[in-house]
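The values are calculated or read from the model by the stated rules, or taken from the named source; none is laboratory data. Owing to the predicted nature of the structure, the values given are computational and were not obtained by experimental measurement. Here the Cβ positions follow ideal geometry from the backbone for every residue, glycine too, while neighbour counts run over all protein chains shown. Each accessible area value is taken on the protein alone, full model and side chains, heavy atoms only, with ligands, DNA and RNA left out. Shrake-Rupley method; radii C 1.70, N 1.55, O 1.52, S 1.80 Å.
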Amino acid sequence: MPSRKLLVTDIDGTLVGDPDATRRLAEVLAALREHVILAYATGRTLRQCEDLAANPHVIQPDVWVTEVGAAIRYADEGPDEAWRAKMAETWHRETVVQVVAGWPELTPQSAIADGPFKVPFQIAPHDAALVLPKLAAQLLEAGTPARLVYSSQRDLDIIPAAAGKGPAVQHLARRFGLGLEDVLTCGDSANDRDMLVLGGPAVAVANAHAELTESGLPGTVLRARAGFADGVVEALRHYGWV
Ligand code: GLC
Ligand code: MG
């Protein structure tokens, strides 16, 4: 029996962004489907992924990791209830909303970007540097320890302390009985960092933001020459998956 592996790719700036590359990756993945579990890991909510679910040039994944790793849904079984319970343990969404109301530097995103476990904003980099540490301390004090994930020099996602793409990928590896050496992670921005540094094969695509590539990425993370989904194909070849 062929060995099972797990491919986890970010969506915006990695899977999508160059439609021709997205199609080329879909062709490569079609041939791998039998022995590679496919997961998309994104800052989007599941509702924000509906355009992808309807895109014939995008292979439908086995797992949707949404809300920056705060929610996991299996195509065949629905939501991961154990993960949901873990997220709910320390999360009081109303408290987060109340605490952030004191910070006018934070601009809410659109309602569709709001998730049960993600409160998303936009904030300028110079404001973020000042506000984020204080906001994190206030949330902790208010009884809702949270992770503040700032990416693309613009997006701030407030998620439960135990969330993140990295922890979600570790959870998936355990659930599927895979070692991290059999888990390939692919991304382009800061919210991908914690899954890229888990120790397994990983790639930062060529168009990756400096916030990721200049954040002291370990040498084990391939810096692809190709951009967007072509960078994922490059990684599949580099690591000998195709
Ligand atoms: C996606 C989501 C947005 C989030 C960003 C970073 O663009 O739509 O809500 O803030 O990813 O995770
Ligand atoms: Mg991205």
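With a bin width of 5 angstrom, please list the P(r) values of segment 55-146 as percents of all Cα-Cα pairs, from the 0 bin to the one holding the largest distance. Cα pair-distance distribution for segment 55-146, in percent: 2, 12, 19, 20, 18, 12, 8, 7, 2, 0.
What do you reckon, how do Val242, Val16 stack up by accessible area (1.4 Å probe), largest on top? All intermediate terms of the calculation are to be shown ahead of the outcome.
Values: Val242 80, Val16 30 Å².
Greatest to least solvent exposure: Val242, Val16.
Only helical runs count toward this figure. For the chain, summing -39,500 (n - 2.57) over DSSP H runs of n ≥ 4 and dividing by all residues gives -9000 deg cm²/dmol at 222 nm.
Every Cα-Cα pair in segment 172-212 was counted, and those over 16 Å apart are 36% of them.
What value does segment 107-242 have for Rg/Rh, both radii from Cα atoms and Rh as Kirkwood defines it? Present the calculation step by step, with values, prior to reporting the outcome.
Working: Rg = 16.2 Å, Rh = 16.1 Å.
Rounded to two decimals, Rg over Rh is 1.00.
Between Glu27 and Leu180, the FRET efficiency estimated from the beta carbon spacing at R0 = 22 angstrom works out to 0.25.
Hey, what's the chain come to in accessible area per residue, 1.4 Å probe, Å²?
Numbers: 10660 Å² over 242 residues.
Each residue of the chain exposes 44 Å² on average to a 1.4 Å probe.
For segment 102-182, pairs of C-alpha atoms spaced more than 19 angstrom apart make up 45 percent of the total. Rolling a 1.4 angstrom probe over the chain with all protein chains present gives an accessible area of which 52% lies on carbon and sulfur atoms. Evaluated with a Cβ-only charge set (Lys, Arg +1; Asp, Glu -1), the chain carries a dipole of roughly 360 debye about its Cα centre, given to the nearest 20. Ordered by solvent-accessible area of protein heavy atoms (1.4 Å probe), largest first, the residues Arg84, Arg33, Arg225, Arg44 come out as Arg225, Arg84, Arg33, Arg44.
When the Kirkwood radius is taken over all Cα pairs of segment 6-101, what Stokes-Einstein diffusion coefficient follows at 20 °C and 1.002 mPa s, in µm²/s? List each step's numbers first, then the result.
Details: Rh = 14.7 Å.
The diffusion coefficient I find is 146 µm²/s.
Each residue of segment 91-107 was assigned a 3J(HN,Hα) from its phi angle through the Karplus curve 6.51 cos²θ - 1.76 cosθ + 1.60 (θ = phi - 60°); the sequence is 9, 10, 4, 4, 5, 4, 4, 5, 5, 5, 4, x, 10, x, 5, 8, 9 Hz, with glycine and proline shown as x. Residue by residue, segment 81-90 carries 3J(HN,Hα) couplings of 5, 5, 5, 4, 5, 5, 5, 6, 3, 10 Hz when phi is fed to the Karplus relation 6.51 cos²θ - 1.76 cosθ + 1.60 (θ = phi - 60°); x denotes Gly or Pro.
Could you calculate, for the chain, the ratio of the Cα radius of gyration to the Kirkwood radius, expressed as Rg to Rh?
Details: Rg = 17.4 Å, Rh = 18.1 Å.
A ratio of 0.96.
Counting heavy atoms of the protein chains alone, Glu89 has an accessible area of about 140 Å² for a 1.4 Å probe. Reported to the nearest whole Å, the Cα centre-to-centre distance from segment 161-187 to segment 192-236 is 16. Each of Ala85, His35, Leu46 was scored by the projection of its Cα onto the charge dipole of segment 1-110, and the greatest displacement toward the positive side belongs to His35; charges sit on the C-beta of Lys, Arg, Asp and Glu. Lys118 contributes an accessible area of around 0 Å² to the protein surface, as traced by a 1.4 Å probe with all chains present. The H on the amide N of Ile37, modeled in the peptide plane, is under 5 Å from the matching H of Lys5, Leu6, Leu7, each at least 5 residues off or on a different chain.
Students often forget the sequence filter, so: which lysines lie under 21 Å Cα-Cα from Lys134 once same-chain residues fewer than 8 apart are removed? Candidates past the 8-residue exclusion: Lys118.
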